[in-house]
Amino acid sequence: MTSMNHRQDKSGVLVVDDDPKIRRLVATHLGQSGFEVFLAANGEEAIYQASLHQPDVVVLDLAMPGIDGFETLSRLREWYTDPVIILSATDQEQEKVRALDIGADDYITKPFGTEELAARIRAAIRRAERLAGTTDTTDPIVQAGSFEIDLSARLVYRDSEEVRLTRTEYDLLRSLAVNAGKVMTHRQLLQSVWGPEYGEETEYLRTFVKQLRRKLEEDPSRPKQILTEPGVGYRLFIN
């Protein structure tokens, strides 16, 4: 659901935070950076604004009164498929993993630099556009155990049943599939899926690989297709 079709020259960003100072700071800088900015002060308003404006990216705080950021993200992910970037004061890995597990695409910790936030938003939009425009015409079907990846149609099937993947889950699986049999390092995968600005966020990979295994492997605790190369990266085994 990319909304750039009706905003030809500007990408739309919905900023959700209960702190009015942060909303003003982010809105001012993103506006100066060329984005069209929408604001919401809580989870209920965020869901309404997202449905109304269909932004290209949502920047979401976690600690909010009423519906917190986790619940807001969960509700958004019922229908919203574009990138969501978490902006939170919590730097605990378990909180990052929980947000990524629900469906966040990126995580920035407060205090933050507005230039970094703008860069990450641009990177998220590029990823979404790249995935939407990607069509593979060479060897479009990759078979891996009980599941197959149709690279041309950007669809995944397990035992002939379509499996619903998030945009980021598919992008990660596609990177493994087009390099099937080869070990992809953490840095290679992060830069392939999230962009050249990334390379150290290995918790992102752990979370999304766990999700892929849960959806695709017959026994996620003992994977046979999406394999870990300890200390190095991951590999898709095809047979």
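The values are calculated or read from the model by the stated rules, or taken from the named source; none is laboratory data. Because the structure is predicted, anything quoted here is derived from the model rather than measured. Because the Cβ atoms are built from the backbone with ideal geometry, glycine has one as well, and the counts that use them run over all protein chains shown. Surface accessibility is based on the protein's heavy atoms, side chains included, excluding ligands, DNA and RNA. Shrake-Rupley method; radii C 1.70, N 1.55, O 1.52, S 1.80 Å.
Of all the residues that make up region 33-75, how many are more than 15 Å from residue 98 (Cα to Cα) and not in a loop (DSSP other than H, G, I, E, B)? Lay out the reasoning, then the answer.
Of region 33-75, the ones more than 15 Å from residue 98 (Cα to Cα) are 33-59, 64-67.
Among the residues that remain, those that are also not in a loop (DSSP other than H, G, I, E, B) are: 36-40, 43-53, 57-59.
Residues in region 33-75 being more than 15 Å from residue 98 (Cα to Cα) and not in a loop (DSSP other than H, G, I, E, B): 19 in total.
When you scan region 202-216, do you find a residue that is open to solvent by 20 Å² or more (accessible area, probe 1.4 Å) and either in contact with a Phe, Trp or Tyr (Cβ under 6 Å, 6 or more places away or on another chain) or in a loop (DSSP other than H, G, I, E, B) (or both), even just one? No, that holds for no residue.
Quick grid of which residues meet (1) in contact with an Asp or Glu (Cβ under 8 Å, 6 or more places away or on another chain); (2) closer than 20 Å to residue 124 by Cβ; (3) among the small types (Gly, Ala, Ser):
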position: 34; (1), (2), (3): no, yes, yes
position: 73; (1), (2), (3): no, yes, no
position: 80; (1), (2), (3): no, yes, no
position: 87; (1), (2), (3): yes, yes, no
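Do we have residue 82 as within 12 Å of the chain's Cα centre (by Cα) and either modelled with pLDDT of 90 or more or outside any helix (DSSP H, G or I) (or both) here? When the stated conditions are applied, residue 82 passes them. Cβ-Cβ distances below 9 Å connect the following pairs, each with a first residue in region 183-199 that is aromatic (Phe, Trp, Tyr), a second residue that is part of a loop (DSSP other than H, G, I, E, B), and a separation of six or more residues or different chains: 194/105; 194/201.
The residues on offer are 231, 199, and the sole one that is outside any strand (DSSP E or B) and either over 19 Å from residue 96 (Cα atoms) or open to solvent by 70 Å² or more (accessible area, probe 1.4 Å) (or both) is 231.
Residue 166 meets each of the listed conditions (1) of a type outside the set (Lys, Arg); (2) within 22 Å of residue 97 (Cα to Cα); (3) without any contact (Cβ under 8 Å) to a residue 24 or more places away in the chain apart from (3).
Yes/no matrix, rows are residues, columns are (1) open to solvent by less than 10 Å² (accessible area, probe 1.4 Å); (2) closer than 27 Å to residue 199 by Cα; (3) free of Cβ contacts under 8 Å to residues at least 40 places away in the same chain:
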site: 53; (1), (2), (3): no, no, no
site: 64; (1), (2), (3): no, no, no
site: 71; (1), (2), (3): no, no, yes
site: 88; (1), (2), (3): yes, yes, yes
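Taking the condition over 23 Å from residue 73 (Cα atoms), in a loop (DSSP other than H, G, I, E, B) and touching a His at 6+ places or on another chain (Cβ under 8 Å), does residue 181 pass? For residue 181, the condition - over 23 Å from residue 73 (Cα atoms), in a loop (DSSP other than H, G, I, E, B) and touching a His at 6+ places or on another chain (Cβ under 8 Å) - is not met. Open to solvent by 50 Å² or more (accessible area, probe 1.4 Å), outside any strand (DSSP E or B), β-branched (Val, Ile, Thr) and modelled with pLDDT under 90: does that describe residue 168? No, not satisfied. Within region 180-196, the set of residues being open to solvent by 40 Å² or more (accessible area, probe 1.4 Å) and at pLDDT 85 or above comprises 181, 182, 183, 185, 186, 187, 188, 191, 192.
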